[in-house]
Every structure is written in structure tokens, then in C-alpha cells.
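The values are calculated or read from the model by the stated rules, or taken from the named source; none is laboratory data. Predicted model, so just to flag it, every value in this text is computed and none were measured. No Cβ is skipped: glycine too gets one built from the backbone with ideal geometry, and neighbour counts run over all protein chains shown. Heavy atoms of the whole protein, side chains included, go into the accessibility calculation; ligands, DNA and RNA do not. Shrake-Rupley method; radii C 1.70, N 1.55, O 1.52, S 1.80 Å.
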Amino acid sequence: MKVFLRILFFLITISLSYGLYHKNFIDFTFGERVIGFTVIFATFIYLPIFLYHRWKGKKLKDYVLSEKNLKKIRDRK
């Protein structure tokens, strides 16, 4: 999964770079489309996969400030 995410990240970076180059030097409209599709892909495909990978096996209540966790923080001081 880690290798897959790295490959996707590099593909997104390359696509964004290509879109910026194409926008500035060749054709403005097509460059804007490439940048737009890259941002949409990164947001709706890459980001959920990345978040799933990073949060897999972790408990959400360990990271939320609840009364129990606040009490632990206060007791430390």
C-alpha cells in the first residue's frame, strides 16, 4: 500500500507539473483542464486512500479530547 501511495503521489506531482507547463507555454485551456482533473483526482481518489492507510488500526477516541482525556492531562500537572 505504501508503494502504491508513493507511485500515485508522484503521478499526481508529474501531472500537475505538466499541466502548469502546458498552461504557461503551450495552451492555456488544456493546461487548466489537466490541473483541474489532477486536483479532482487527488481530492477524491488519493486523499481517501491515504487517510484510510494512515488511520488503519488506530482508535479515534485516543485522539479526541473527552472528559477522560482532559482529566488525565490535568492530573499530570
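The test for being open to solvent by 90 Å² or more (accessible area, probe 1.4 Å), in a helix (DSSP H, G or I) and over 24 Å from MET1 (Cα atoms) does not hold for ARG54. Tally time: how many residues in the range 20-51 are surrounded by 12 or more Cβ atoms within 10 Å (Cβ to Cβ) and under 26 Å from LYS2 (Cβ atoms)? Residues in the range 20-51 being surrounded by 12 or more Cβ atoms within 10 Å (Cβ to Cβ) and under 26 Å from LYS2 (Cβ atoms): 9 in total. Would you check which residues across the range 46-77 are β-branched (Val, Ile, Thr) and touching a residue at least 24 places away in the same chain (Cβ under 8 Å) and list them? Selection gives ILE49 alone. For the range 1-18, what are the residues that are within 15 Å of ARG33 (Cα to Cα), open to solvent by 60 Å² or more (accessible area, probe 1.4 Å) and touching a residue at least 12 places away in the same chain (Cβ under 8 Å)? Result: LEU16, TYR18. Against the criterion of being surrounded by fewer than 10 Cβ atoms within 10 Å (Cβ to Cβ) and of a type in the set (D, E, K, R), ASP62 qualifies.
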